[in-house]
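> First the structure, then my questions, so here it is.
The values are calculated or read from the model by the stated rules, or taken from the named source; none is laboratory data. In this text the structure is predicted, and so the values were computed from the model without any measurement. Because the Cβ atoms are built from the backbone with ideal geometry, glycine has one as well, and the counts that use them run over all protein chains shown. These area figures cover heavy atoms from the full protein model, side chains too; ligands, DNA and RNA do not enter into them. Shrake-Rupley method; radii C 1.70, N 1.55, O 1.52, S 1.80 Å.
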Amino acid sequence: MTKTALVVGASGIVGGATAALLREQGWTVHGLARRPVAQAGVLPVAVDLRDRAATAAALAGLDPDAIYVTTWLRQDSEAENIRVNAAMVRHLLDAVPRPTRPRHVALVTGLKHYLGPFEAYGQGALPQTPFREEQGRLDVDNFYYAQEDELFAAAARDGFSWSVHRPHTVIGRAVGNAMNMGTTLAVYASLCRATGRPFTFPGSATQWAGLTDMTDARQLARHLLWATETAAAHDEAFNVVNGDVFRWQWMWGRIADWFGVAAAPFDGVVRPLERQMAQDAPLWRELALRHGLAEPELARLASPWHTDADLGRPIEVVTDMSKSRRLGFTAYQPTDAAFADLFAQLRAERLIP
């Protein structure tokens, strides 16, 4: 029988890649979003998970083999992040009828599990890198932990298996996404090329010179499916990254070369993209009109605040994947190729000139 999946956040970077992979593998895919976008072969489910009653009505009668939770909503404080995002997971798992056959639920969180929430990001006493799953939780409120607790409680009640997936910064295609470094850098490079402005690294000296890694959305999708289909991966939490490491002083030049711009020499001064791009919305609309681009609103493509948070960190961040490797996950994705693939896709879809 064809397996059925519910992808929560199907219009986002991770959800879109996951839905595409599942369709390639022959699954029937229901894609949940507040405002679903057209996706080949994906059955849309339009609902706001903050609304318990509406969620229950939208999911009544759906008995998926797997559920992939790939969405969250940013709030003004971590207390509100916890309240809203924990409730969304709770409403979702309460709404889906108890499974009549084995079910797996995968929750995507991230390295803020180790680095702390946005209000205390990269501050205080942090575990040593490379981050390993056994390092556990920080002694600080974090909406990731609240989401996990909702997952664990529902699994104990309903008897499904679960997995938690902690990617580093995710590279992938999405429009209107709140955390989108790949497209943000593509838009920034396009603006630099159009205006002759220097392509200036916005982050810290530690990020410029230190080692780091990232996660292609396609790699994360493969990891989600692997954990679903691998009994030894059930009821476990995993880090998931591409498998390579790099320094931004190398990657920045690779990105500059792709766009045909010169990378400005890094002088150790932090120049956040949020400040660099603060007045660029009218210019982007002009570029969109001139080149016939599909999205004229800069805010729908770029999330400078999120890119600044990652590239401005004062510590080196490397992620350990040994747990997955020991259990048989061997997929690998070069990060420079992940950027190049994304940029080519954005250009083909007329999202950048």
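> Can you tell me which residues in the stretch 60-81 are closer than 25 Å to residue 161 by Cβ and open to solvent by 10 Å² or more (accessible area, probe 1.4 Å)?
60, 61, 62, 63, 65, 70, 71, 72
> When the residues of the stretch 78-96 are narrowed to those that are in contact (Cβ under 8 Å) with a residue 24 or more places away in the chain and of a type in the set (Asp, Glu), which ends up farthest from residue 45 (Cα to Cα)?
Per the stated criteria, the residue is 78.
> So residue 66 ticks every box in (1) on the phi < 0 side of the Ramachandran plot; (2) small (Gly, Ala, Ser); (3) out of contact with any Phe, Trp or Tyr (no Cβ under 9 Å at 6 or more places or on another chain) but one. Which box is left unticked?
Tallying (1) on the phi < 0 side of the Ramachandran plot; (2) small (Gly, Ala, Ser); (3) out of contact with any Phe, Trp or Tyr (no Cβ under 9 Å at 6 or more places or on another chain), residue 66 fails exactly one: (3).
> For the stretch 126-168, enumerate the residues that are of a type in the set (Asp, Glu) and out of contact with any Pro (no Cβ under 8 Å at 6 or more places or on another chain).
Passing the criteria: 133, 134, 139, 148, 149, 150.
> Being free of Cβ contacts under 8 Å to residues at least 24 places away in the same chain and part of a helix (DSSP H, G or I), is that true of even one residue in the stretch 292-299?
Within the stretch 292-299, one or more residues are free of Cβ contacts under 8 Å to residues at least 24 places away in the same chain and part of a helix (DSSP H, G or I).
> Please enumerate the residues belonging to the stretch 314-353 that are open to solvent by less than 70 Å² (accessible area, probe 1.4 Å), over 30 Å from residue 272 (Cβ atoms) and among the hydroxyl-bearing types (Ser, Thr, Tyr).
Of everything in the stretch 314-353, those that are open to solvent by less than 70 Å² (accessible area, probe 1.4 Å), over 30 Å from residue 272 (Cβ atoms) and among the hydroxyl-bearing types (Ser, Thr, Tyr) turn out to be 322, 324.
> So, in the stretch 100-139, exactly how many residues are in contact with a helix residue (DSSP H, G or I) (Cβ under 6 Å, 6 or more places away or on another chain), open to solvent by 50 Å² or more (accessible area, probe 1.4 Å) and modelled with pLDDT under 90?
The qualifying residues number 1.
> Considering only residues that are in contact with a Lys or Arg (Cβ under 8 Å, 6 or more places away or on another chain) and free of Cβ contacts under 8 Å to residues at least 40 places away in the same chain, which ones fall in the stretch 119-144?
Result: 144, single match.
> Quick one: would you say residue 46 is open to solvent by 40 Å² or more (accessible area, probe 1.4 Å), aliphatic (A, V, I, L, M) and at pLDDT 95 or above?
Against the criterion (open to solvent by 40 Å² or more (accessible area, probe 1.4 Å), aliphatic (A, V, I, L, M) and at pLDDT 95 or above), residue 46 qualifies.
> Separate question: Restricting to the stretch 66-99, name every residue that is farther than 22 Å from residue 14 by Cα, among the aliphatic types (A, V, I, L, M) and in contact with a helix residue (DSSP H, G or I) (Cβ under 8 Å, 6 or more places away or on another chain).
Hit for the stretch 66-99 is 95, nothing else.
> Moving on. Report, by residue number, each residue of the stretch 211-245 that is open to solvent by 10 Å² or more (accessible area, probe 1.4 Å) and farther than 18 Å from residue 104 by Cα.
211, 218, 243, 244, 245
> Out of all the residues in the stretch 52-107, which are part of a helix (DSSP H, G or I) and β-branched (Val, Ile, Thr)?
Scanning the stretch 52-107 gives 55, 82, 84, 89.
> Among the residues of the stretch 174-210, count how many are within 18 Å of the chain's Cα centre (by Cα), of a type in the set (A, V, I, L, M) and open to solvent by 10 Å² or more (accessible area, probe 1.4 Å).
So the count comes out to 3.
> Go through the residues of the stretch 255-265 one by one and say whether even a single one is in a loop (DSSP other than H, G, I, E, B), open to solvent by 10 Å² or more (accessible area, probe 1.4 Å) and touching a Lys or Arg at 6+ places or on another chain (Cβ under 6 Å).
Scanning the stretch 255-265 turns up at least one residue that is in a loop (DSSP other than H, G, I, E, B), open to solvent by 10 Å² or more (accessible area, probe 1.4 Å) and touching a Lys or Arg at 6+ places or on another chain (Cβ under 6 Å).
> In the stretch 1-22, which residues are in a strand (DSSP E or B), surrounded by fewer than 24 Cβ atoms within 10 Å (Cβ to Cβ) and either aromatic (Phe, Trp, Tyr) or within 17 Å of the chain's Cα centre (by Cα) (or both)?
If the condition is that a residue be in a strand (DSSP E or B), surrounded by fewer than 24 Cβ atoms within 10 Å (Cβ to Cβ) and either aromatic (Phe, Trp, Tyr) or within 17 Å of the chain's Cα centre (by Cα) (or both), then no residue fits.
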